[in-house]
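S.K.: Could you have a look at this structure, given as structure tokens, before my questions?
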Amino acid sequence: MGTFDTSFQKKEEGKITTQIEERTSKVPSGTYLALSIGAMAASAGLMLAGKKQAANFIGQWAPSLLVIGLYNKVVKLERELLSSQGVTKPATTQGSFAGQTYR
């Protein structure tokens, strides 16, 4: 098998994206999972109570919360990879971390 290539092409992020990443990375990944499970439970309860529209509305939160949690995890892993390579990620980034530093 081949080796795992950790390089990536030039990457530019806007200020808003960077702010979102900084804030969401402070939240533990398990929080999003717990919120998603809570939304599923609340949806099931509402369905059993006969409130089908509210149950469907709340039930649709679960996949969105799981995706946000996954994004949160990816951001944390990216930062961990960059720090293990000795690269610090400034507010806005360009470049790659495969033997290069950010500019």
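S.K.: Please give the FRET efficiency for Arg79 paired with Ile37, using the beta carbon to beta carbon distance and R0 = 35 Å, rounded to the nearest 0.05.
M.R.: 0.85
S.K.: Same structure again: With label points built 7 Å along Cα→Cβ from the Cα atoms of Ser25 and Lys52, find their separation and express it in nm.
M.R.: It is 4.6 nm.
Any read-out appearing in this document is the output of simple, stated calculations on the displayed coordinates, not a laboratory observation. Keep in mind it's a predicted model, so treat the numbers as computed, not measured. Heads up, the Cβs are rebuilt from the backbone with ideal geometry, glycines too, and the neighbour counts pull from every protein chain shown.
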